[in-house]
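I have placed the structure first, in the form of structure tokens, so that the comments after it can refer back to it.
The values are calculated or read from the model by the stated rules, or taken from the named source; none is laboratory data. What you see is a predicted model; the values in this text were computed from it and never measured. Note that each Cβ is placed from the backbone with ideal geometry, even for glycine, and that neighbours are counted across all protein chains shown.
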Amino acid sequence: MAADPAEFLRIEGITRRFGSVHAVDAVSLDVARGDTLCLLGPSGCGKSTLLRTIAGLELPDAGRILIDGEDVTAMPPHERPVNMMFQSYALFPHMTVARNIAFGLERQRLPRATIRERVDEMLALASLQAFADRKPHQLSGGQRQRVALARALARHPRVLLLDEPLGALDRQLRERTRIELSAILDRVGVTCVIVTHDQEEALTLADTIAVMRAGRVAQVGTPDAIYEMPVDRETAELFGSLNLFTASLHGEQLHCPALDLGMEAPTGHQGDVCLAIRPERLAVLREGETRDHEATAIVERCDFLGASRLLLLRLGDQSGIRVLTDPRNRVAPGAEIRIGFDHDAIRLLPA
Ligand code: ATP
């Protein structure tokens with residue numbers, strides 16, 4: 001029976017132990033048809049093990065994997081409507097690009113004409129027509145990545161699994177390839193699970209991000225929601241830079257000594273908390289300009305980053321604060337400036 005499209009891929013209470021290590025610990029996640037889920041987290045948190053469980057390369061100790069309503073937990077990998085692209089690409093070095101793409105289709109014993117058609121379709125999809133007769137060593141890193149992707153998509157899998165798909169590329173190539181990858185995934189509309197430890201990759205490729213820590217899911221949500229409303233410090237710090245201050249809540253009042261802040265508190269916390277503000281939510285105030293909260297600070301550094309300028313400032317109590325501002329806001333080290341922020345820039349996290 002076809003499942004609800006919102007639950008096209010169901011990961012249901014998956015646990016995988018290696019001896020005493022709970023590599024994956026009771027993880028449940030749903031991926032909607034055509035969506036991309038990114039598993040994000042530090043090394044060893046269980047991302048690859050979970051991906052391999054979906055592929056059928058690991059058997060879970062508990063839980064089920066369902067694809068479009070069908071329980072595939074006990075199905076061997078090659079029978080699953082799933083394909084996985086490995087970080088190393090695992091291309092066959094002695095075969096041409098076209099034969100690499102055709103390989104899985106030949107194993108499936110599809111008619112020759114179908115295989116030819118499918119290979120042409122994949123070459124066009126990955127903009128590889130000009131390279132069909134080359135061997136992998138005659139390609140650039142980005143081109144090899146596209147061959148691996150074309151090969152993984154050739155069998156028209158219902159679920160595509162990508163393990164650190166851009167991990168083998170250098171920084172500049174990563175950005176360009178990420179855009180191409182995202183375009184290809186959108187065009188194919190395949191349901192996709194991507195493992196990455198690169199937050200930028202997760203923010204740009206994912207419809208949903210699952211932040212993993214020690215085998216468990218710490219937070220699931222859209223990239224925007226996780227960036228804006230992280231559940232804790234570790235999750236907040238995964239995404240970009242963050243100013244953190246000690247604060248406390250007494251009744252309805254929030255106090256933050258570093259920012260000389262006393263305000264009516266949002267509900268939901270009590271006692272010691274951690275107050276977080278992203279550097280881009282702080283403004284350097286010009287004469288007469290105001291915000292909900294303001295503070296005076298001394299400029300320690302002023303680094304030009306091209307599209308922005310990063311200021312490192314010292315507050316009255318000597319704690320540091322980073323402000324990401326317009327590149328034209330040039331301030332001299334040692335200068336005293338006023339900074340400000342609005343209520344909605346403040347996030348309270350568990351201490
Ligand atoms: P990375 O980003 O470094 O690839 P990861 O988040 O993908 O890490 P996993 O490879 O899933 O993490 O590993 C999760 C935990 O399970 C780790 O503690 C790892 O040492 C352990 N582990 C993984 N595979 C095995 C195995 N075959 N035998 C024993 N322990 C394993």
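Of the listed requirements (1) within 13 Å of the ligand (Cβ to nearest atom); (2) part of a helix (DSSP H, G or I), ARG16 misses just one: (2).
Taking the listed residues LEU285, LEU275, LEU244, LEU238, the one that is of a type in the set (A, V, I, L, M, F, W, C) and more than 30 Å from the chain's Cα centre (by Cα) is LEU285, with no other qualifying.
When you scan the range 171-223, how many residues do you find that are among the basic types (Lys, Arg), touching an Asp or Glu at 6+ places or on another chain (Cβ under 9 Å) and part of a helix (DSSP H, G or I)? Counting residues in the range 171-223 that are among the basic types (Lys, Arg), touching an Asp or Glu at 6+ places or on another chain (Cβ under 9 Å) and part of a helix (DSSP H, G or I) gives 2. For the range 262-285, the tally of residues that are surrounded by fewer than 18 Cβ atoms within 10 Å (Cβ to Cβ) and either under 14 Å from VAL323 (Cβ atoms) or modelled with pLDDT under 85 (or both) stands at 12. If the requirement is being in the same structural domain as GLU79 (by TED's automatic domain parsing) and touching a Phe, Trp or Tyr at 6+ places or on another chain (Cβ under 7 Å), which of these qualifies: GLN138, GLN145, GLN219? Testing whether each residue is in the same structural domain as GLU79 (by TED's automatic domain parsing) and touching a Phe, Trp or Tyr at 6+ places or on another chain (Cβ under 7 Å) leaves just GLN145. Residue under question is THR49, and the condition is that it be assigned to a helix (DSSP H, G or I) and at pLDDT 95 or above; does it hold? When the stated conditions are applied, THR49 passes them. Residues that are out of contact with any Asp or Glu (no Cβ under 7 Å at 6 or more places or on another chain) and either free of Cβ contacts under 8 Å to residues at least 40 places away in the same chain or among the aromatic types (Phe, Trp, Tyr) (or both) within the range 327-340 comprise PRO327, ARG328, ARG330, ALA332, GLY334, ALA335, listed in sequence order.
Would you confirm, using the coordinates I've provided, whether ARG158 is of a type in the set (Lys, Arg), under 30 Å from LEU203 (Cα atoms) and at pLDDT below 90? Spelling it out, it is not the case that ARG158 is of a type in the set (Lys, Arg), under 30 Å from LEU203 (Cα atoms) and at pLDDT below 90. Each residue in the range 128-137 was checked for being exposed (fewer than 14 other Cβ atoms within 10 Å of the Cβ) and either within 17 Å of LEU105 (Cα to Cα) or of a type in the set (S, T, N, Q) (or both), and 1 of them qualify.
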